[in-house]
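Visitor: Sending over a structure as structure tokens; questions will come in a sec.
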Amino acid sequence: DPTYTCHPPGLPHAYFNSTHPFEIVQTPQRIFIFHEGYHVWRTVWMDGREMPKDSDPLWMGYSIGHWDGDDLIVETADFNDKTWIDAAGHPHSDAFKLTERFHRVDHDHMKVSFTIDDPKIYTAPWGWQTDFDLKKWEIQEDYCVPEDEAGYFERELGTPPGKPVPAK
């Protein structure tokens, strides 16, 4: 997992990276989604622009959004090739596009659906949806630093980083 070496998780991996919360902040022209895990954020442009044809590949992709009734629809593309779709290691190509649908069920609950579309890797679009309990969340400081990486490897894998993992 690229996050084990303090790299940004990418999407939708950022939502499921351990138990870290996220926070959404809306302004008139854009929405910011702050992910506590690895201290990453993204901008969702809400000004009606199209997806750019020549943007640079990004860790969290380039996102544009619009409202469909009360649901926020976010389309993201232009990811770099250094992230995973999830912690299970599902890969993606430069053709990867993610569509998210955010639906506020009530004050304390949100349902988010994720659709993965990458015709270079997968034979058809696929996805899932998940529920988030917003009442429990309060975003805090969380950084990935080399000392944390070394501690993770020693604590979880029983070996310093860069050394072979002992067979079980």
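The values are calculated or read from the model by the stated rules, or taken from the named source; none is laboratory data. Since this is a predicted model, take the numbers as computed values, not measurements. Heads up, the Cβs are rebuilt from the backbone with ideal geometry, glycines too, and the neighbour counts pull from every protein chain shown. Just the protein is used for accessible areas: all its heavy atoms, side chains included, with ligands, DNA and RNA removed. Shrake-Rupley method; radii C 1.70, N 1.55, O 1.52, S 1.80 Å.
Visitor: Evaluate the following for Ile33: is it farther than 18 Å from Asp118 by Cα and open to solvent by less than 60 Å² (accessible area, probe 1.4 Å)? Can you show your working first?
Guide: Details: farther than 18 Å from Asp118 by Cα: yes; open to solvent by less than 60 Å² (accessible area, probe 1.4 Å): yes.
Yes.
Visitor: Give the range 97-124 a look and list any residue that's more than 22 Å from Trp67 (Cα to Cα) and of a type outside the set (A, V, I, L, M), or say none.
Guide: Within the range 97-124, Asp118, Pro119, Lys120, Tyr122, Thr123 meet the criteria.
Visitor: Considering each residue of the range 57-76, count those that are assigned to a loop (DSSP other than H, G, I, E, B) and either closer than 18 Å to His92 by Cβ or among the hydroxyl-bearing types (Ser, Thr, Tyr) (or both), and give that number.
Guide: Looking only at that region, the number is 4.
Visitor: Can you find, within the range 36-67, the residue that is farthest from Cys6 (Cα to Cα) among those that are of a type in the set (A, V, I, L, M) and surrounded by 17 or more Cβ atoms within 10 Å (Cβ to Cβ)?
Guide: Looking at the filtered set, the residue picked out is Met46.
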